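Only one structure is covered here, and it is reproduced in the block below.
The values are calculated or read from the model by the stated rules, or taken from the named source; none is laboratory data. Remember, it's a predicted structure, so these values are computed and weren't measured experimentally. In this analysis, Cβ positions are derived from the backbone assuming ideal geometry, glycine residues included, and neighbour counts consider all displayed protein chains. All accessible areas refer to the heavy atoms of the entire protein, side chains included, with ligands and DNA or RNA removed. Shrake-Rupley method; radii C 1.70, N 1.55, O 1.52, S 1.80 Å.
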Amino acid sequence: MIKNYLKVAVRSLLRRKGYTLINMFGLATGMAVCLLIVLFIESEVSYDSFQQKGKDIYRVVLDRKYPTRSTAYSMIPLSIGESIKREYPEVLQSTRLFDFTGTGTFLLKIGDKMFEEKHVLMADSNFFSVFTGKMLQGDAATALQKPNTVVLNETTAKKYFGSAANAIGKSITPDNDTHFFVSAVCKDWPENSHFTFNMLISSITFEFIKQPNYTNFSAHTYLLLRPGSSPDALEAKLPHIIDKYVSGAIAKNFNMTYEQFLTSGNGYHYYLQPLTKIHLISDLEGELSPNGSIKAVYTFSIIAIFILIIACINFINLSTARSVERAKEVGIRKTFGSEKKSLIAQFLLESALISLCSIFIAFVLIAVLLPLFNKVSGKELSISYFLTAARIILLFSFATIVGLIAGLYPAFVLSSFNPIVVLKGKFKSNKYGMALRNGLVVFQFSISVILIICTIIVNQQMHFMLGDKLGFRKDHVIEVQNADQVGKQTQAFKNELLKIPGVQSVSGSSSFPGQGNFFGINWQAEGAKESMTGRSAIVDDQFAAFMNIPVKEGRFFSKEFLTDSLAVVLNEKAVEELQLKNPVGKRLTTPENGFNAANGSSYFYTIVGVVKDFHYQSLHQKIAPLVFVNTTKFGGNPAVAAIRINAGNFKAALKAIETSWKQFVPKRPFHYDFLDRSLEDMYNTEQRTQRIFTIFSVLAIFIACIGLLGLAAYATQMRMREISIRKILGASVSSILSMLSKDFLRLIFISFVVAFPLAWWGMHTWLQNFAYQVTISWWIFLLAGSIAALIALLTISFQAVKAAIANPVKSLRTE
C-alpha cells in the first residue's frame, strides 16, 4: 500500500514540475533560514557551558546609583569577594580577574625581541580551582601561587617558545623590567566563553592587591557556591556586606556618613549573575569582552518561526489553489472506492515527500549562505554541527513534521470533495478556501512588512549612533596606543608628526571615545558637603580643538597659563551634578591619592572652562559627568596619541608616522586603531542585529513572493477564458494587468493595517534600550509599505503580463 502511495505521489509531483519546484524551493528557503538561526542560537546559548562547576559559579556585579543617574558595572572593588566568602559559609571560593590590556596591548620582552600581546589578565591563585582549564604543562593548583609567575595558553606558548614543554620556566619581561616566569601552559580557552586570555599573571605579584579597597571598581569577581546553595538567598544577604565593610570607606572617601550618602541619592546594589548566562544577559560597563543579547536570541527565534510559517503558508496556498485541478482525480478515486483516510494519507505523503526533498535543497542553501551569515553575525558556524547520527535523524524528523503540518489542511480539503458534484463539472473553489488563502497572504505580507520596518529603524538607530551628532568629530583619526612610552620627548614627537604632509592635527589623552576606559573619580567643590563621582580623562591642551568639542564657558587648557597644571575642565553634566553656578574660577578637590600631594595634603583644582556634553560613552547610557585634567600635571605623557590625517594623504602619512614612532620608541611595535572603528565596536550586538535583520527581511519577502507567484499563476490560469474574451473585445494589456492585480494588492494593503501597529510597538520597545534614540517617523511606514507593494506588484505582473499578451484564439481553442 505504501509503495503504491509513493509511486502515485512521485508521478503526481513530476507531472506538475512547476508547482513542485515552487513548493520545494519555498520550503527549502524557510528551512535553511530556520536551521541557520538554530546554529546561531546554539552558539549563543553554549557560552561557558564547558565549565565543569559552571552551575555553581556566579559573578558579583554592581548597580551604582548616583544622584541623577545609575550605572551598572561588571567590575567591583577588589575586597568585596573575599569579604563575602568570609561572611557566608555557602561560598566555597572567591576569585578575581583584572584586565591588564582592555582594548590595548601588553608589551613584553622575550630574549632580545619585543612583542605586544592582547588579552592579558591578572588572576588570583585559586583561579583554576574555580574555572576548568586543561593543563598541558604544570600544575593547575600551584600555577599562580607564587609572585612573578604567568600561565600561557597553548597558542601563545607555541608562538614564543615553539611548544608548551619548551615554555615552562622561561622568562618573560614586561616593559618595567620585572621578570615573570612561565609556570604552566593550558589549552586555549574556548571561544564560547565570556572571557578569553592569552596570558594569566599571578595577582599576588602586585602590592595593590593586598590593600583593602571597597570603593574603587577594578576586579571581576566570581563566587563558587556549595552545590545546592541558593544564589537568591545569598544575594539577599549582600546589603550586610555594604553595611559592615563599605560604609566606613564611603565615610572616609566622600566626607559624609553612609546615611548622608544614601540621602543624597547615592547607593550600591550588589547582585549575582549565573556564569552560564553572562554572555546573554549582561551588558555592563567594563565587560571583559562584548557579550550577546538574550533579546536577539528571542527575536531571531521568532523570526525563524515566522519565516518557516511563511514557507508553510506558501505550501497551503498553492495546494488549496490547485483544488479545482485535482478535484476530478479525487472524484474518480472516490467513485472507485477510495476512502477519505486513504486520500488523506496520499496527500500527506506527497507533502512529506516535498518536505524531505526540500531539506536536501536547504542544506545546499545553507552551504551557500553560511559564509555570508558568518561574516554578518561575527561567528564561525559550521554545517558539520548537523552531521551527527542523532541530529540527522532530528533533521529528517523536522522535515517530515513540517511537511505533514503544511500538508494537513490541503489533505483534508482535497479529500472532502463530493465525487458526484465534481464529476458533473459543477465544482469550483469555494468561498471558504478563498478566504483562507487571502488570510494567509495577509499574514505573510504582514510579517514581511514588519521585518522591513524593523530593518529601516534598526539601520536608522545605527546611523544615529555612529553619525555626526555625537558632539565631536571622529573622521580620519587614528589612535596610536602606548604613546606614554615616548616619555619626556612627547612634545618633540608631536612636533615631528605635525611636519608630516597630510597630518592636520595631533592630540593626546588617557582615553578617547569608544575605548571605554574613562576612569571614575570622586570630586567635591570647595566648601560643599556633597561630592560627585564622575568620569575623568587626562588630556592635553589640544584635545577640545582636535575633537571639535565646543567650549560653552571659559576656555580649554593652554600652554600660555602656567597654572593650568592644576586646572580642570568640566562638561555640562558635571556642572549640573556639582550644582555650580558660574563654575569658571571655582575650585575642586578629590580624595584620590594619585591626584594629591605625596604627603597626603589635597591639591585644589581650578575650573577654567566648561565644554558642551558629548557622547564619550555608548548611547545606551546617559551622558555622565566628565572632568578633564591637564596632562602637564602628570608629566605631559598621554596614554593615547590621536592623529587626524587628510584622506588623500592617508597611506603615505601613516607610513611616515610609523617611521617617526620607531625613532622615538624603537623598542615598542607601532600599533594604531581608527577612532570611528573603536566607536563601532561599542555596538557589535546592534550591528549584528542590523545585518541579520536585513538578510532575513529580504528572505521573508522572497519566500512570500514565491507563494504569491504561484497564486498569481493559478488565478491567471483560472481566468484565461475571461482574459481571452476581454482581449478579443478590445481590452488593453494595462486593463488586464489592473484586473488581475487589484485583488492581490487589496490583500497587501490589508497587511499594512495589520503590520504597522505591531511594528511600531516592537521597535518602540527595542529603542528603550538606548538613552538616546531616533524618532519613529511616519515616512518609514510609507516607505516599507511602498517597497512591499512594489515587490508584490512586480511578482504578480510577471504572470499577468504573460497572460495579457498571450494569443486569445489559442486559449479559446484550448477551452
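Among the listed pairs K573/K622; K113/K158; K474/K612; K559/K662; K109/K210; K529/K581, give every one whose C-alpha distance is greater than 19 Å.
Beyond 19 Å: K559/K662; K109/K210.
Work from the charge dipole of the chain (Cβ charges, +1 for Lys and Arg, -1 for Asp and Glu, about the Cα centre) and give the residue of L372, T149, F702 farthest towards its positive end.
Sorting the options by dipole projection puts first F702.
By DSSP, what percent of the beta bridges with both residues in the range 130-238 are antiparallel, rounded to the nearest 5?
60
Can you tell which of I450, I607, T221 lies farthest toward the positive end of the dipole of the chain, using +1 and -1 charges on the Cβ of basic and acidic side chains (Lys, Arg; Asp, Glu)?
The residue sitting most towards the positive pole is I450.
Determine the dipole magnitude for the range 502-641: charges of +1 sit on the beta-carbon of Lys and Arg, -1 on that of Asp and Glu, nothing else is charged, the reference point is the Cα centre, and the result goes in debye to the nearest 20.
120
Under a point-charge model restricted to the Cβ atoms of Lys and Arg (+1) and Asp and Glu (-1), what is the dipole moment magnitude of the chain relative to its Cα centre, in debye to the nearest 20?
Using only the charged Cβ atoms, the result is roughly 4300 debye.
Would you be so kind as to identify which of M135, W760, Q260 lies farthest towards the positive end of the dipole of the chain, taking Lys and Arg as +1 and Asp and Glu as -1 on Cβ and the Cα centre as origin?
The listed residue farthest towards the positive side: W760.
Give the peptides 568-579, 354-365 in descending order of average Cβ contacts within 10 Å, highest first.
Packing proxy ranking, top to bottom: 568-579, 354-365.
Mind checking the angle between helix 2-15 and the chain's longest principal axis? C-alpha axes, 0 to 90 degrees, to the nearest 10.
Helix 2-15 sits roughly 90 degrees off the main axis of the chain.
What angle, in degrees between 0 and 90 and rounded to the nearest 10, separates the Cα long axis of helix 17-45 from the longest principal axis of the Cα atoms of the chain?
20
Grab the DSSP H runs of the chain that are 4 residues or longer, score each as -39,500 (n - 2.57), total them, divide by all residues and round the 222 nm result to the nearest 500 deg cm²/dmol.
-16000 deg cm²/dmol
Any idea how far the Cα center of the range 188-219 sits from the one of the range 31-69, in Å?
20
What full-extension length gain, to one decimal in nm, is calculated for E680 and L793 as 0.36 nm per residue of separation minus the Cα-Cα distance?
Result: 36.9 nm gained on full extension.
Rolling a 1.4 angstrom probe over the protein heavy atoms, how many square angstrom per residue are accessible across the chain?
Roughly 45 Å² per residue, with all protein chains present.
Would you work out what percent of the accessible area of the chain, with all protein chains in place, is carbon or sulfur (probe 1.4 Å)?
59
Need one number: % antiparallel among DSSP beta bridges in the range 528-625, to the nearest 5.
Expressed as a percentage, antiparallel bridges in the range 528-625 total about 50.
Would you please give the residues with an amide H less than 5 Å from that of A141, counting only those at least 5 places away or on a separate chain, with H modeled from the backbone geometry?
none
Can you give the charge dipole size of the range 511-557 about its Cα centre, rounded to the nearest 20 debye, using +1 on the beta carbon of Lys and Arg and -1 on the beta carbon of Asp and Glu?
120
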